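Here's the structure we're looking at; comments come further down.
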Amino acid sequence: MIEVAADVPLWAAIPTALLVLLGAGLALTGSFGLLRLSSFYDRIHAPTLGSTLGIGCVLIASMFFFSVVETRPVLHELLITVLMVVTTPVALMLLARAALYRDRTEGNPDVPPLPGLDPEEPVPAPEGGEAPESHPAAAPAEEPASAVRTVRES
Amino acid sequence: MSAAILGWTILVAQIMLGLAMACAAYRVLRGPRAQDRVLGLDTLYVNAMMLLLTFGIRSGSTVYFDAALVIGLLGFVATSALSKFLMRGEVIE
C-alpha cells in the first residue's frame with residue numbers, strides 16, 4: 001500500500017491531491033506539446049504552460065500541505081514562485097531572440113527579415129559571399145556569421 | 001484513508017511528470033537544431049523541480065524544497081548561458 005509519511009485530515013488531503021494532479025497534468029500537456037508541435041517558434045510556447053500554471057499548482061499544494069502538517073504558515077515556497085515568475089520569461093526571451101538571430105543569418109525564409117531590409121528580398125546567406133549593393137544595411141549582419149556557423153554543427 | 005488518497009494521487013502525478021520528462025529528454029536528444037535542445041533542457045529542469053516537490057509532499061520533509069530551489073536557479077543560469085552561446089558563439093565576451 002502506498003502511504004504518505006505525514007498524516008493529514010481528509011479536508012486537507014483532497015485539495016492537495018487535486019492540485020498536485022492538476023499541476024502534473026499541465027506539465028505533461030506542455031511537454032507533450034514540446035514533443036508534437038512542428039516548428040521551433042510553436043514549440044517555445046508549449047512548455048510555459050508547465051512552468052507557470054503547472055508549477056504554480058504544485059507550489060500551492062506544497063504550501064497548503066506543509067502549513068496543515070506543521071500547523072503554522074509555511075511560506076518558503078514563495079521563493080520558488082518568485083524565482084520562476086522572474087526568470088522564465090527572461091530565459092525564454094533570450095532563447096527566442098538567439099533562435100531568430102540564427103535563422104536570419106542563415107537566410108531562412110520562414111522568419112521575417114530585419115526591419116531595415118527590403119521585404120521583397122531574402123536576407124543573404126552568410127556563405128553567399130557578397131551582400132547586394134543596394135542594401136548597405138545588410139553588411140553588418142555578415143560579421144558574426146562565422147561564429148554562428150561554427151556553433152551550428154553541434 | 002487520507003494518506004491512501006494522497007499516496008495514490010502523488011504516485012499518478014509522479015508518473016505523469018516522468019512522462020513529461022521523457023518528452024523533454026526526447027527533444028534534447030533528437031531536436032533538429034541546437035535551440036530545440038536548449039528548450040528541451042529548460043523543460044527538463046522545470047519538470048525535475050516539480051518532481052522533487054512531489055517527493056517532498058510524499059515524504060513530509062522540507063529537504064526536497066532546497067534541492068528544488070537549486071534546480072530552479074541552475075535551470076535559469078543554464079538556459080541563459082546557452083542562449084548567449086547560440087547568439088554570439090561565446091558565453092563570456
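Note on the stretch B:45-63: residues that are facing another protein chain (nearest Cβ under 9 Å) and free of Cβ contacts under 8 Å to residues at least 24 places away in the same chain total 6.
Residues checked against (1) in a helix (DSSP H, G or I); (2) facing chain A (nearest Cβ under 7 Å); (3) hydrophobic (A, V, I, L, M, F, W, C):
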position: B:TRP8; (1), (2), (3): yes, yes, yes
position: B:LEU19; (1), (2), (3): yes, yes, yes
position: B:ALA24; (1), (2), (3): yes, yes, yes
position: B:VAL28; (1), (2), (3): yes, no, yes
position: B:GLN35; (1), (2), (3): yes, yes, no
position: B:PHE65; (1), (2), (3): yes, yes, yes
position: B:ALA68; (1), (2), (3): yes, yes, yes
position: B:VAL77; (1), (2), (3): yes, no, yes
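Yes/no matrix, rows are residues, columns are (1) free of Cβ contacts under 8 Å to residues at least 40 places away in the same chain; (2) out of contact with any Ser or Thr (no Cβ under 7 Å at 6 or more places or on another chain); (3) more than 30 Å from B:THR62 (Cβ to Cβ):
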{"position": "A:ASP42", "(1), (2), (3)": "yes, yes, yes"}
{"position": "A:PHE65", "(1), (2), (3)": "no, no, no"}
{"position": "A:LEU78", "(1), (2), (3)": "yes, yes, no"}
{"position": "A:THR81", "(1), (2), (3)": "yes, yes, no"}
{"position": "A:PRO89", "(1), (2), (3)": "yes, yes, no"}
{"position": "A:MET93", "(1), (2), (3)": "yes, yes, yes"}
{"position": "A:ASN108", "(1), (2), (3)": "yes, yes, yes"}
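The one condition from (1) modelled with pLDDT of 90 or more; (2) farther than 30 Å from B:GLY89 by Cβ; (3) surrounded by 18 or more Cβ atoms within 10 Å (Cβ to Cβ) that A:PRO15 does not meet is (3). Per the listing B:ASP36, B:ASP42, the residue uniquely crowded, with 16+ Cβ neighbours inside 10 Å, of a type outside the set (Val, Ile, Thr) and within 20 Å of A:ILE55 (Cα to Cα) is B:ASP42.
Which members of the stretch A:57-91 meet the condition of being of a type outside the set (A, V, I, L, M, F, W, C) and either part of a loop (DSSP other than H, G, I, E, B) or surrounded by fewer than 18 Cβ atoms within 10 Å (Cβ to Cβ) (or both)?
A:SER67, A:GLU70, A:THR71, A:ARG72, A:PRO73, A:HIS76, A:GLU77, A:THR81, A:PRO89, listed by residue number.
Restricting the stretch A:42-56 to residues that are more than 10 Å from every other protein chain (Cβ to nearest Cβ) and over 22 Å from B:ILE15 (Cα atoms), the residue that is surrounded by the most Cβ atoms within 10 Å (Cβ to Cβ) is A:HIS45.
The values are calculated or read from the model by the stated rules, or taken from the named source; none is laboratory data. Keep in mind it's a predicted model, so treat the numbers as computed, not measured. Note that we place each Cβ from the backbone using ideal geometry, even for glycine, and neighbour counts take in every protein chain shown.
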